[in-house]
Structure formats: C-alpha cells, structure tokens
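Asker: Before anything else, here's the structure in question.
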Amino acid sequence: MSDMHAHSVAFVRETMLPEQEPPASEVGVVHWMRENLFRGWANTLMTVIAIFVIYKIVAGAFPWFVNGIWSTNSLAECREILQGTTGGCFSVLTERWNQLLFGFKYPQDQYWRLILAFVLLGLAAAPVLFNKLPKQMLFFTGLYPFIGFWLIWGGTLLAPLVALAGFLVGFAAFKKVEHQSFAMGALAFLVAALVTWFLGGFAIRSAPGFLALEAVPSRDMGGFMLNMILGVVCVSLSLPFGILLALGRQSDMPIIKWICVVFIEFIRGVPLITLLFVANVVLAYFLPPGTTFDLIIRVIIMITAFASAYIAEVIRGGLAALPRGQYEAADSLGLDYAQATRLIIMPQALKISIPGIVNVAVGLFKDTTLVSVISMFDLVGMIRGPILASTEWNGVYWELWGFAVFLFFIVCYSISQYSQWLERQLQTDHR
Amino acid sequence: MAEAAQTQMEISNEVAIQIENMNKWYGTFHVLRDIDLTVYRGERIVIAGPSGSGKSTLIRCINALEEHQKGSISVDGTRLSSDVKNIDRIRSEVGMVFQHFNLFPHLTILENCTLAPIWVRKTPKKEAEEIAMHFLTKVKIPDQAKKYPGQLSGGQQQRVAIARSLCMRPRIMLFDEPTSALDPEMIKEVLDTMVELAEEGMTMLCVTHEMGFARQVANRVIFMDAGQIVEQNEPEEFFNNPQNERTKLFLSQILGH
Ligand SMILES: Nc1ncnc2c1ncn2[C@@H]1O[C@H](COP(=O)(O)OP(=O)(O)OP(=O)(O)O)[C@@H](O)[C@H]1O
Ligand SMILES: [Mg+2]
C-alpha cells in the first residue's frame, strides 16, 4: 500500500481488521451508572431525589410490615398490642380470609368445591394458554364449563349433563346439514339443542337428587371468587363474540354489518356502570313475572357485551393491519371464507391484537369490582360492606385495600406477563 | 417425468381459458375493454404493457380475485359465475403467484405448502407433506421447509410461493410480475424455476417485464394498453417486427438504451 499515490482513489484492502474488545470505560457497572444515573447535573439531581423518595417509602412501609399483627380478633386488640408503634393489623386478613375469598354466605363445609374448581380451571386453561401441551387436553377444557358450574353452584349433575348433551346433539345436527348451507346448520343446531334441553328439563325435575351437591344460589357467591367467576366467564365469552362482531362489521351483507356497527357503537358509548344498573333493575321489567333470571347471568351478559364491543374494535384494527395480499393468497388457493378466516386471517389478526385484547381483558377483570355498586359482594363489596362495617374491623383500611390491590395486581400482572411471553412465542419474522 | 414433460411442449387444441368480450369497471373507470382471449392447454403467454394498462386486473379476473361486469370467462370449460362454490373450485385449479409473494408469515414453509391441499383437497397430512417436499425440492429449497417465510430471501420466498401453488396440482398458473420485487441476483433463480415449469408443459399466463424470459419460453406475447389487447404475436415477430405504434413505443422504451 506504500506505493499508493496520494491523489489516487483506488484502494484494495489486503488484510481484514480483527474484532477488538471495547475500551474498558464502555462496560461494567460503573459505566452503566455514569451513563444512566449521573449524566449531567440535572440527571444527577433527579437520581438523588428519586433515591430520597424511595427511601422515605421504604422507611415508612418497612416497620408497618415487620411489626404487623397477624392473629388478633379485632382492631382493638391490634391497637392494644402495638401500643402506638407503627404496625399493620393484618389479622383482619387471616380472620376474614374465607370471607375475602368466598364471600360470607357460601357454606363453609363446601369450600373444597371452590378450591377444586379453581385448581381444575388451571388444568382447563393450560392447553389454551400453552399450545405446546398435548391437544387432547382440550377435551377437558371443553368439559370444564359444565364441571365448574356443577362444583360452584351445586345441584344435580344432570343439569350440566343436559346442557352438555344439548350442545353435543346440536352440533351433531349441525354437522348433518352443514353441507346444505351454514344457516341451515345453525338452525338445525338451535332446534336440536332446544329440544334436548326441553326434554332434559323433565329428567332434571324428576331426579333432582341425582348426584347432587348442596345447591348454592348465585346471590351467595362473593369475595374474590365472584371476581374470578365474572372475569373468567366474561373474558372467555367476549373473545369469540368480539371476533364475530369484528368479522360481522366487515361483512358484505349490509344487515349483519349494520347490526354489528350499531351494537358496537352503542355499547362503546355508554359507561359499564349504567349497563350494570340496567342489568340489576331494568332487565327485570322485560322478563315475564315469576322468571328468576339470575342476577349473575344478567351481569355476565352486560360485562360480556361491553368487553366484546371493545375486543371487536381491537380485532378490527388487527384485521385492517393485514395486507390485502394475505386475503388474495388465501382466496387464490381455493380456501373458502371460513377456512381463510380461521387459518390465515384470524391467527395473524389476533396476534397483532394481543396487546389490545389483553388490555381489554385486564380492564374487564378490574371492572368486575363495579358489581359492588349493585349490591353484590365481590372482594370490594365484601371489604366495603360486611368487613369494614363490622365492629371488630371498622377502620382497617390500609391492610384491606392493600390486600385487594395486591390480589388484583397479581392476576393482572400475570396476564400481562403471559401476553408478552405469547407475543415472543408467536414472533416468526426474525428468529 | 421430465421426458413426458418434454413431449408435452407442443400445444394442444384443448381450450384452457376462454375469455369473450370481457369488460370491467372500477366504479366508473373502464379498466378492461372488450377483452377476447383464448388460451390453449400448454400455452405460455407473456402479457406486457405500460403501467396501469390493466395487466394485473386481467389475470386477476381469471381466478375471480376481481369481478368482471360484462362478457364471459371460462376456465377448463367451467364458466365463472358469482356462485361461491364455482369460484372456489376454479381457484383450486388455477395457481397464482404474486409480485409480493404473499406467503403466510405465521406458518412454516412446509405448512404454507400443505395448507391448501389439506383443507381444500382433503389430502391426508402425510401425503400433503410428501407432495410439498417434492415441489420444494423442485424449486431447490427442501432444506428450508421448517423455517418461516420471514427468514428467507426474496428469491427463496417467491420460489416457495410457486411451490405452494404447485402443491394444489393446478392446471393453469398465473404470474403477476413475479420478479419485479426482487433484487437482480435473485431474479434469475425465480425465472429458472418458471422456465422449468414451462418446459414441463404447464399452461402459464405471465405478466412480466422480463423480455429475455418472454423470448425464451413464451409462445405468444400479448401487449396491452389502456385496458385493451393492442397486439399479440409470437415472441420473435413481436419483438422484431411490432405493428402497432404503441407497441413500438413501449418496446423502444423497455429495450432501447
Ligand atoms: N381497486 C381499484 N380501484 C380502482 N382502480 C383500480 C383498482 N385497481 C387498479 N385500478 C386501476 O386500474 C388500472 C389498471 O390497473 P392494473 O393494476 O391492472 O395495471 P397493471 O397493468 O397491472 O399496472 P402495473 O404494471 O403498474 O402493475 C390502473 O389505472 C389502476 O389505477
Ligand atoms: Mg400490475
């Protein structure tokens, strides 16, 4: 290279440069701190203030936790033991533990059913959440709604069995006439299912004691369990309804399209709390007198409708983000609408929509606490009502609300972590 | 197989596609005007023309990705109607390759290729996978079968797209500018695949600006302008002795530097 002329632009590299370690000042803890915490006076000042605030919080909360009392029977006893020092009165949690979780009316000797239902819920949800698990497990997932219902509400096993049979018979009828047209199939499903349920109704009435668990009416459900029931049921229902609404909104058929648009826009235009009041009071006017249309079901319908509308909009965004080419490629291969939607469009649209759907799901779960305003005793209702109103625990705000916050945070944070994990799993573009 | 294919090179009298007096509008815009075209089995037709002349629209009408408003299109003797079943059947007989590949990014290469055979043709999964591997080998990327489209180069993706179409055993293949989204060094690998396909006697309609390819494999070149077929001829004649003024202008622009 020495004979290269000063003005020549030609250049040929003869030796490749080896890779080198970065200079020491670019790595290590000290470097990180200098870069991120103490870069410039403003940055340093912010860091100092932040450290001070954190110190204050920890210094305040730490003794409260450490001195906490876990085994008294009332706030007064706590105060006696503490003698004016800071300390939480966590005994309220231990003493009212069952009420916080299960409400105050569910028969105590039947708690095992709720715990079992909860454990089985994990088993049922697992294959849906983790697609690496064997597909056969989905069989149990399909049965879970019926098992779960039986465990929680009790009564004869015949009731959920008849419900299940209705679906199965309906599905068989659907399969039989599906080839004619989808609408015919849907009609056949409806007719067959209704007939089965109607006939099954006789069976249930004639043998109410068949494999019966002690029946617990809906108004006895309470505590965090009620939030879980509402959350799980409404999330699992609102996802399919949301998908249908989103697809309906894109439909070529004007009537379907308009129904979906009106539904979505109406629901999104009203506060959930008003819908809950409607469920509580107004719906009863529309029902024939004497029908006992469970309050829980009414609430589930309203929350589901509410969440479906939001999920539909989220999914519509996902659908809009798909390039036209995906539809065209699916079409050009001869896939029909249902196949293209299920195999090509929805998997991609849902993947794009995961953050939005999770957002709605987390919001929905937290909104289940709103039922406390229509005198249902969910976790918040329990704390506000029976517990804080009792003479023993009147005034234990921090511990109780902290516990409620903690429970909801655990669930919502897990959902959020799961969704981020799922997004990484589904990422296929850069691996 | 190759031998049999070679003998099929000549064109039969059997009509593969019959387009008669076909017209299409986008709203009030008259995109295709009085298109008449008969494609015989085994023909390799290249469609050329300036941008916006309606080339894509024409071939997209053949598999009903676009609806035409007047005239008729018959594929394999079946007339395209608005009946969904009819359309789906024709689409499963007609393969299409797009400019932007349009592979399904959430499925592996193998799944991309087996999806339609399994769901449309009801082929058993195992058999569908064998067919898919056969065609992936043919387009020379069997080793990428487990990867996702996003991990492949453009040229590889386009070859997968071709294999995906072939897995449906189509009788007709439509190509819409299959190489114009590719870098120059990848164009050749895709064109080679297409040449091979042509040599096996596949009926092909191909919108492309690759005039070398047209000369090599086409038995007919169609020139379109303003929604009409302006000129069609054998490639030699078409390139060396164009008749229409618009064709001459187009060729001088595309070939002459
Ligand atoms: N969906 C549509 N709505 C309205 N006009 C359209 C639509 N698609 C295409 N056109 C118009 O129809 C004409 C023909 O389009 P087409 O895509 O068939 O052209 P082309 O010959 O394939 O052009 P290119 O070489 O650029 O791909 C163009 O003028 C285009 O603007
Ligand atoms: Mg085009």
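We did not get these values from a lab; they are worked out from the coordinates using the rules stated. Keep in mind it's a predicted model, so treat the numbers as computed, not measured. When we count neighbours, we look across all protein chains shown, and the Cβ atoms used for this are built from the backbone with ideal geometry, even at glycine.
Asker: With +1 on the Cβ of every Lys and Arg and -1 on the Cβ of every Asp and Glu, and nothing else charged, how large is the dipole of the protein assembly as shown about its Cα centre, in debye rounded to the nearest 20?
Answerer: Roughly 1920 debye, rounded to the nearest 20.
Asker: What is the protein assembly as shown by shape, rounded, prolate or oblate, if you read a ≥ b ≥ c off the alpha carbon gyration tensor as root eigenvalues and call it rounded for a/c under 1.5, prolate for a/b larger than b/c, and oblate otherwise?
Answerer: Verdict is oblate for the protein assembly as shown.
Asker: Expressed as a whole number of Å, what is the distance separating the alpha-carbon centroids of segment A:80-99 and segment A:49-66?
Answerer: Between the Cα centre of segment A:49-66 and that of segment A:80-99, the gap is 21 Å.
Asker: Then there's this: Given the pairs B:LYS24/B:LYS138; B:LYS138/B:LYS188; B:LYS122/B:LYS146; B:LYS55/B:LYS188; A:LYS135/B:LYS147, which are separated by over 26 angstrom at their Cα positions?
Answerer: Correct reply: B:LYS24/B:LYS138.
Asker: So, one more: Give me the net charge for the shell around A:GLY222: Cβ to Cβ below 14 angstrom, other residues only, Lys and Arg +1, Asp and Glu -1.
Answerer: In short, +2.
Asker: Oh, and also: Out of all DSSP beta bridges with both ends in chain B, state the antiparallel percent to the nearest 5.
Answerer: Expressed as a percentage, antiparallel bridges in chain B total about 55.
Asker: I'd like the distance between the alpha-carbon centres of segment B:180-257 and segment A:242-275, rounded to an integer number of Å.
Answerer: Comparing the Cα centres of segment B:180-257 and segment A:242-275, I get a distance of 49 Å.
Asker: Springs between alpha-carbon atoms under 10 Å, Gaussian network over chain A: tell me which of A:MET302, A:MET221, A:MET16 tops the mean-square fluctuations.
Answerer: Between A:MET302, A:MET221, A:MET16, it is A:MET16 that shows the largest mean-square fluctuation.
Asker: Students often forget the sequence filter, so: which lysines lie under 25 Å Cα-Cα from A:LYS257 once same-chain residues fewer than 8 apart are removed?
Answerer: Hits, sequence-local ones excluded: A:LYS351, B:LYS85.
Asker: Provide, in order from the shortest bin, the percent of all Cα-Cα pairs of segment A:24-160 in each 10 Å bin, continuing until the bin that contains the maximum pair distance.
Answerer: It works out to 10, 18, 16, 17, 23, 14, 3, 0, in whole percents.
Asker: Still on this structure: Can you give the relative contact order of chain B as a percent, counting alpha carbon pairs under 8 Å and 6+ residues apart?
Answerer: Taking the mean separation of contacting Cα pairs over the length of chain B, I get 26 percent.
Asker: Between A:LEU422 and A:ILE256, what length in nm is gained on full extension when 0.36 nm per residue of separation is reduced by their alpha carbon distance?
Answerer: Once the chain is fully extended between A:LEU422 and A:ILE256, it gains 56.5 nm.
Asker: Which far-off residues, 5 or more places away or on another chain, put their amide H under 5 Å from the one on B:MET96, with H placed in the peptide plane?
Answerer: Here B:LEU174 satisfy the definition.
Asker: Another one. Beta carbons within 10 angstrom, averaged per residue: use that to sort the peptides A:375-384, A:196-205, highest first.
Answerer: In decreasing order of mean packing, A:375-384, A:196-205 become A:375-384, A:196-205.
Asker: Something else about it: Using only atoms on other chains, find how many Cβ atoms lie within 10 Å of each Cβ of peptide A:398-408 and report the average.
Answerer: Going residue by residue through A:398-408 and averaging, the value is 0.
Asker: Follow-up question, since we're still on this one. Can you tell me, using C-alpha contacts under 8 Å and at least 6 residues apart, the relative contact order of chain A as a whole percent?
Answerer: 16 percent
Asker: For chain A, set up a Gaussian network in which alpha carbons nearer than 10 Å are linked by springs, and say which option among A:LEU121, A:LEU164, A:LEU133 fluctuates the most.
Answerer: A:LEU133
Asker: Okay, next question. With just the Cα atoms defining each centre, how far is segment A:113-139 from segment A:172-206? Give it in Å.
Answerer: 28 Å
Asker: Mean Kyte-Doolittle of at least -1.0 and a Cα length of 18 Å or more along the axis: which whole DSSP H helices of chain A meet both?
Answerer: Helices meeting the span and hydropathy rule in chain A are A:40-66, A:111-129, A:137-153, A:158-177, A:182-206, A:223-249, A:254-268, A:295-321, A:346-367, A:397-426.
Asker: How long is the gain from A:ASN43 to A:GLN110 if the chain were fully straight, where each residue apart is worth 0.36 nm and the alpha carbon distance is subtracted?
Answerer: 18.3 nm
Asker: Related question: Divide, for chain B, the radius of gyration over alpha carbons by 2.2 N^0.38 Å, where N is the residue count.
Answerer: Working it through for chain B, the quotient is 1.00.
Asker: Can you give the net charge of the other residues whose Cβ lies under 14 Å from the Cβ of A:ASP378, counting K and R as +1 and D and E as -1?
Answerer: Around A:ASP378, the surrounding residues sum to +2.
Asker: Related question: Take every residue in peptide B:113-120, count the Cβ atoms of other chains within 10 Å of its Cβ, and give the average of those counts.
Answerer: Average neighbour count from other chains, rounded to a whole number: 4.
Asker: Follow-up question, since we're still on this one. Taking H placed 1.01 Å from N in the peptide plane, check which residues at least 5 places from B:MET224 or on another chain put their amide H under 5 Å from its amide H.
Answerer: B:ALA48, B:GLY49, B:VAL230
Asker: Taking chain A as a Gaussian network, Cα atoms linked when under 10 Å apart, which of A:PHE365, A:PHE102, A:PHE171 shows the biggest mean-square fluctuation?
Answerer: Looking only at A:PHE365, A:PHE102, A:PHE171, the largest GNM fluctuation is found for A:PHE171.
Asker: Non-local amide H neighbours of A:ALA212 (under 5 Å, H modeled in plane, Pro and chain starts lacking H): which ones?
Answerer: Counting only residues 5 or more places away or on other chains, the set is A:LEU157.
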